[in-house]
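What follows is a set of notes on a single structure, which appears directly below.
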Amino acid sequence: MRKNLKEARQRAGMTQKQVAEYLGITVRSYQRIESGELLGSISNWDALEDLFKIHQRKLRMQAKCHPMQAGKKDSCAIHQK
């Protein structure tokens, strides 16, 4: 999961649907970007950076959980993808 992206969206008071509409993509595509399943295009990351006023490198960071630690909220390390 891209925790920083999700948190930025929530701080902005936006739903996944609103962000998807802003980007001109489907809600499912945005959900896949936010979950880390899909990388997303450079233009989408540029738009997200402008929308949330956070550098896209930080937004792209993903939390990687060890299989034994999955489900433990504070046990995930943050990695860039």
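The values are calculated or read from the model by the stated rules, or taken from the named source; none is laboratory data. Nothing here was measured: the structure is a model prediction, and the numbers come from that model. So basically every Cβ, Gly included, is an ideal-geometry build from the backbone, and we count neighbours across all protein chains shown. The area values use the complete protein model at the heavy-atom level, side chains included, leaving out ligands, DNA and RNA. Shrake-Rupley method; radii C 1.70, N 1.55, O 1.52, S 1.80 Å.
Would you mention how many residues in the stretch 8-47 are touching a Lys or Arg at 6+ places or on another chain (Cβ under 6 Å) and assigned to a helix (DSSP H, G or I)? Residues in the stretch 8-47 being touching a Lys or Arg at 6+ places or on another chain (Cβ under 6 Å) and assigned to a helix (DSSP H, G or I): 3 in total.
The single condition from (1) at pLDDT 95 or above; (2) of a type in the set (Ser, Thr, Tyr); (3) open to solvent by less than 60 Å² (accessible area, probe 1.4 Å) that SER75 fails is (1). What about ILE54, is it of a type in the set (A, V, I, L, M), part of a helix (DSSP H, G or I) and closer than 13 Å to ARG9 by Cβ? Spelling it out, it is not the case that ILE54 is of a type in the set (A, V, I, L, M), part of a helix (DSSP H, G or I) and closer than 13 Å to ARG9 by Cβ. Restricting the stretch 1-39 to residues that are touching an Asp or Glu at 6+ places or on another chain (Cβ under 9 Å) and modelled with pLDDT under 95, the residue that is most open to solvent (accessible area, probe 1.4 Å) is MET1.
One residue stands out among those in the stretch 11-49 that are of a type in the set (S, T, N, Q) and within 13 Å of LEU59 (Cα to Cα): the one that is nearest to the chain's Cα centre (by Cα), which is SER35.
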